Amino acid sequence: MTWIEISIVSSAAAFIVLIVFAIRMLITIVQFLGKLGDTAAQAKISLAESAEQAEHLMKKVGLLTEEVHMQILALEPSIQSVEKAGAAIGDVASALRKASRMMNESIHGAEKVVHTHQKRIHDAMEWATTGLELWQRWKAHRNAKSDN
């Protein structure tokens, strides 16, 4: 046998091996495509079931939404009353904050005045106390006089 014959036989053997591998690959591809088709069919069935369940769920959600809407409509007057009460409470809280701030400022100012004019304030407080006592005595005397 010559080199050419050996090369031809080797080439033929390699070609046969290549064809066998190609056929095996085609068989594997056909099997893979068959499994892929089965998987696609199962996915289609699962998708149809999921769509049916989703449709059923959407109907339930629609009914629930309608029921909630009806309940909200029934509660709307109460909610408006609560909103009005909340706004009124907010107004009161705002007024109380302002009053508190003004009172704090007044107290702070009074503390400054008391600190700087303590002697004068002490005298004024004595006069005010004396005036209050005189007024109470006068009122008691007047009430006693009117009872007689």
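The values are calculated or read from the model by the stated rules, or taken from the named source; none is laboratory data. Keep in mind the model is a prediction, meaning the values are calculated, not measured. FYI the Cβ positions are ideal-geometry reconstructions off the backbone, even for glycines, and counts take in every protein chain you see. These area figures cover heavy atoms from the full protein model, side chains too; ligands, DNA and RNA do not enter into them. Shrake-Rupley method; radii C 1.70, N 1.55, O 1.52, S 1.80 Å.
Observations
- The stretch 133-147 and the stretch 4-48: distance between their alpha carbon centers, rounded to Å: 124 Å
- Tilt relative to the chain, helix 118-147 - C-alpha long axis, 0 to 90 degrees, to 10: 70 degrees
- Annotation: average projected area of the stretch 42-109 is 8.7 square nanometres, based on the convex hull of Cα atoms across all directions.
- Seen against the Cα atoms of the chain and their longest principal axis, helix 3-116 is set at about 0 degrees.
- Only helices enter the 222 nm calculation for the chain: every DSSP H run of n ≥ 4 contributes -39,500 (n - 2.57), and dividing by all residues gives -37000 deg cm²/dmol, rounded to 500.
- Looking at the chain, the accessible area is 93 square angstrom per residue; that uses a 1.4 Å probe and ignores ligands, DNA and RNA.
- At 1.567 mPa s and 4 °C, Stokes D of the chain from Kirkwood alpha-carbon radius, µm² per second: 46 µm²/s
- Net charge dipole, the chain: roughly 1000 debye, given to the nearest 20, about the Cα centre with Cβ charges of +1 for Lys and Arg and -1 for Asp and Glu.
- For the stretch 93-148, the convex hull drawn through the C-alpha positions has a volume of 80 cubic angstrom per residue.
- Estimated dipole of the stretch 1-70 in Debye, rounded to 20 [Cβ of Lys and Arg +1, of Asp and Glu -1, Cα centre]: 260 debye
- Apportionment of accessible area to carbon and sulfur, the stretch 46-86, percent (1.4 Å): 66 percent
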